[in-house]
Amino acid sequence: MGEPSSKAGWWAWSTRKKVLIFGTVALVIIALGVGLGVGLGISAKNGGDDDNDNNNEGTGSNTTTPTNTTVRWQPPVGAKWQIILKSEDEPISTSVNAPIYDIDLFDNNKTFISNLQKMDRKVICYFSAGSFENWRDDAGDFNDADKGDDLDGWPGEKWLNVKSTNVRKIMQTRLDIAVEKGCDGVDPDNIDGYDNANGLDLTKAEAIDYVNWLAAQSHSRGLSIGLKNGAGIIDSVIDNMQWCVNEQCAEFDECDTYAPFIEADKPVFHIEYPKGGNTNNDKSVSASQAKSACTANSSGNFSTVIKNMDLDNWVEYCP
């Protein structure tokens, strides 16, 4: 036997064994580093904590724009439609053979909307984005400072300050409700306070900002959106709209103003209210004038209907 070595432990290990040890340690360090980096990236993407995710989901209480990559629905020009915002305490009729129904967001539940969609209908959900309505469930959420003058001819409604952070939070909540109920798109009314005596000094520029903000909020939730009237701001918002809803352009001789939507392959859902009958509307055109306007606008690819002023179940289409 030879003389015993004076080296022990680490120093007695072979070079090959030392290389294996170093390699294993290095791989462990790299794996830990990669795992930590992925974890930090996910945390940053989700806002840093789970509580933040919960606050941003379905509450409408934040002022940021959530991200949703769902493809938005774009209805075709000339599509037939039905709008029903009041049914006189009777169930809304689904008998009209139209592929698009515009109905009230608050007055219809998720099941009714789902049933319409099972009948191959798209559902637009109506709410007022520019006026306070004292009968709505969320009426108590508005501050006094949010409200302006009364809407002429509409008891219980006041113009809203569209610059208000509180108003915008409430509208986010309404859009969340539209998502929860399964709406395909939204019809935000009364965005044209700038063109009325509103008591809030609202301007056209503020309306443009508000409508484009509503579009961004809607699109981020996978909802389509249309411009309601607002002829004076069409050029500044049309790129963000999927359609337009117009009332009485024939009566006011301004239908040509909405032609850019047709030219952009986006429908104009047009309503005329004939005078007489149960409409209680002494300002509207006569029934024969409404029908003439209906025919003329339909030849221009408008989706025109004749309705009672209370927007009930009844509807008449162009010949």
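Since every read-out is calculated from the coordinates, none of them should be taken as a lab result. Since this is a predicted model, take the numbers as computed values, not measurements. With ideal geometry, Cβ positions are generated from the backbone for all residues, glycine too; neighbour counts draw on all protein chains shown.
What's the local net charge at Pro260, with K and R +1, D and E -1, over the other residues with C-beta under 9 Å away?
That works out to -1.
Is the C-alpha gyration tensor of region 131-275 telling us rounded, prolate or oblate? Criteria: a/c under 1.5 is rounded; beyond that, a/b larger than b/c is prolate, otherwise oblate. Mind showing how you got there, number by number?
Numbers: a/c = 1.60, a/b = 1.20, b/c = 1.33.
It comes out oblate by the Cα gyration axes.
Relative to the present Cα-Cα distance, how much length would full extension add between Trp314 and Asn115 at 0.36 nm per residue of separation?
Full extension of this stretch gives 69.6 nm more.
Can you give the extra length, in nm with one decimal, that the chain gains between Ser95 and Asn212 once fully stretched, where that is 0.36 nm per residue apart less the Cα-Cα distance?
Length gained, Ser95 through Asn212: 38.7 nm.
Please state the shape class of region 69-317: rounded when a/c is under 1.5, otherwise prolate if a/b exceeds b/c and oblate if not, all from the C-alpha gyration tensor.
Rounded, because the longest to shortest axis ratio a/c is under 1.5.
Which order do Arg168, Arg136 fall in if you start with the one that has the fewest other Cβ atoms within 10 Å?
Starting with the residue having the fewest Cβ neighbours, the order is Arg136, Arg168.
Select from Gln82, Met309, Gly199 the residue farthest towards the positive end of the dipole of region 69-317; place +1 on Cβ of Lys and Arg, -1 on Cβ of Asp and Glu, and compute about the Cα centre.
Gln82
State to the nearest 20 debye the size of the charge dipole of region 184-253 about its Cα centre, where the only charges are +1 on K and R beta carbons and -1 on D and E beta carbons. Write down the numbers at each step before the final one.
Details: 3 positive and 13 negative charges, 57 e Å.
About 280 debye.
List the residues of region 215-242 whose backbone N lies under 15 Å from a point placed 7 Å from the Cα of Asn196 along the Cα-to-Cβ direction.
So the set is 228-232.
Taking H as built 1.01 Å from N, whose amide H comes closer than 5 Å to the amide H of Cys249, not counting residues under 5 places away?
Ile271
Quick one: net charge around Asp187, please, counting Lys, Arg +1 and Asp, Glu -1 for every other residue with C-beta under 9 Å from its C-beta.
-1
For region 69-317, give the magnitude of the charge dipole about the Cα centre (Cβ charges: +1 Lys/Arg, -1 Asp/Glu; no others), in debye to the nearest 20.
Dipole size: approximately 860 debye.
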